[in-house]
Amino acid sequence: MKILAIESSCDETACAVVEDGTKVLSNVVATQIDAHRLYGGVVPEIASRMHSESIYAVAQKAIEDANCTLKDTDAVAVTYAPGLIGALLVGISFAKGLAMAAGKPLIPVHHIAGHIAANYISHSDLKPPYLCLVISGGNTNIVHVENYTKFTVLGRTRDDAAGEALDKAARMIGFEYPGGKYIDEAAKKGDPTAFSFPHPKVAGSEFDFSFSGLKTAVVNLVHNAQQRGDELSQCDIAASYQKTVCDILVQKTMLAADRYGFKKLSVVGGVSANSGVRAAMEKACGERGIKLYLPELKYCGDNAAMIGCQAYYDYLAGRRADESLNGIATLPLDSIYGE
Ligand code: KG4
């Protein structure tokens, strides 16, 4: 079964053709990062406009790269939540139009479920049940993946996502948006023990995260140094900050793995590209005999191949949408995949 998948929840316009869940026939991503960089973050109105401008060409290229026509595809899938509402609506409207015109079923896909599915593309031996850490620009979740369409969220961030925390720190020390990857590069040249950042405590749930205090700590560190006229090493801050984020992610995830006896861990989302996170997770999993699954770098960040993959499992589970499909800015994963 060939699915044409569309993703436009944030600042990437992406289309892919995916066969039977995991065979990626094409994967086209048009990033808008250059347009948003000037403003230090994603500007929703610019994002929607740029999606409208590029979605037709991106879809056409995905179909061409897959060596097929729209007629050869069996369904159209689209990310409908969560994300920037105007950005989501561009992809949804386009997908509805295509599905109606071509007489194909329309499959609505949750963006985070798409990130989780990214690891099925690279690892044919990864099968539920397992534990998954989703770390992206907008989300941080520890998820029990019970089957391909049933998820229990064990922990979530109470405030900012891991990616946001990295991007904010990057901005404070002078890197462009989105700065996660610059923190990663600078951290390799810095001393991770040079600065000490807090490990936030979250009352109520031992698996929940909080990154806003960490963000404030780096803001204070930089402002205080500026007021004193001190020069701080960008690389040392990056290394110390990244180590703190890694320690928090590893500690909570391993707590959940140990508590429930998981022997398989999948780490997905944009921040799963981080070399410090990958190394720290490898080490912690190695010590516990847990098999770790990490996506290929091209499937860490937003892409439509992962949406096409999840759409296949959603299709098998009977999930369909009609022309009334709407975008939803905030939709917890387990509110639709909980049963
Ligand atoms: O998954 P993603 O592309 O978008 C969302 O669904 O949110 O994640 C984007 C996030 C950004 O915060 C970006 O800075 C971060 O992933 N990121 C990284 C790296 N590459 C991307 N963070 C740390 N190290 C990296 N190498």
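The values are calculated or read from the model by the stated rules, or taken from the named source; none is laboratory data. These numbers were taken from a predicted model, which means no experiment stands behind them. Backbone-built Cβ (ideal geometry, glycine too); neighbour counts: all protein chains shown. Accessible surface is based on the protein model in full, side chains and every heavy atom, while ligands, DNA and RNA are left aside. Shrake-Rupley method; radii C 1.70, N 1.55, O 1.52, S 1.80 Å.
Values computed for the structure shown
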quantity	calculated
Accessible surface, per residue, of region 1-74 when the full set of protein chains is kept, probe 1.4 Å, Å²	46 Å²
Taking region 127-298 and dividing mean pair separation by its residue count, relative contact order in percent (alpha carbons under 8 Å, at least six apart)	26 percent
Set of aspartates and glutamates near LYS264 by C-alpha distance (under 15 Å), chain-local residues within fewer than 8 positions excluded	ASP125, GLU146, GLU282, GLU287
Gain in span if fully extended, GLU323 to MET1, counting 0.36 nm per residue against the direct Cα distance	113.7 nm
Region 127-298 - accessible surface per residue (Å², probe 1.4 Å)	44 Å²
Selected from SER233, SER324, SER124 as most flexible by GNM, with the chain as the system and alpha-carbon contacts under 10 Å	SER324
Region 264-339-region 1-28 distance, computed between alpha-carbon centres (Å)	14 Å
Helical mean residue ellipticity (222 nm; -39500 (n - 2.57) per DSSP H run of 4+; nearest 500) of the chain	-14500 deg cm²/dmol
Region 144-260, accessible surface, carbon-and-sulfur percent (1.4 angstrom probe)	46 percent
Cβ-Cβ FRET estimate between ALA194 and ASP247, R0 fixed at 22 Å, reported to 0.05	0.90
Residue-count net charge about THR253 - beta-carbon cut-off 15 Å; Lys, Arg +1, Asp, Glu -1	+3
For region 245-250, Karplus couplings with θ = phi - 60° (6.51, -1.76, 1.60), whole Hz, Gly/Pro x	4, 4, 4, 5, 4, 5
Most mobile listed residue (SER52, SER196, SER240) in the chain, GNM with C-alpha springs under 10 Å	SER196
The chain, relative contact order in percent, only Cα pairs under 8 angstrom and at least six apart counted	25 percent
Set of lysines near LYS298 by C-alpha distance (under 17 Å), chain-local residues within fewer than 8 positions excluded	LYS23, LYS181
Relative contact order (%) - criterion: Cα under 8 Å, at least six apart; region: region 240-339	25 percent
Dipole of the chain [Lys/Arg +1, Asp/Glu -1 at C-beta], most positive-end residue of SER93, THR149, SER205	SER205
The chain: antiparallel DSSP beta bridges as a percent of all, rounded to 5	60 percent
Charge context of VAL42, other residues only, Cβ under 14 angstrom, K/R +1, D/E -1	-4
Karplus-derived HN-Hα couplings along region 79-96 (A = 6.51, B = -1.76, C = 1.60, θ = phi - 60°), whole Hz, x at Gly and Pro	5, 10, 5, x, x, 6, 4, x, 5, 4, 5, 5, x, 5, 4, 5, 5, 4
Unit charges on C-beta of K, R, D, E only; dipole of region 127-298, Debye	580 debye
Prolate/oblate/rounded call for region 125-209, Cα gyration tensor, a/c under 1.5 rounded	prolate
Sparse-neighbour loop sites [trypsin sites (Lys or Arg not before Pro); region 143-193; at most 13 other C-beta within 10 Å; DSSP]	LYS188, LYS189
Net charge, ALA311 excluded, C-beta distance under 14 Å - Lys, Arg +1, Asp, Glu -1	0
Dipole moment magnitude, nearest 20 debye, the chain about Cα centre, only Lys, Arg, Asp, Glu C-beta charged	540 debye
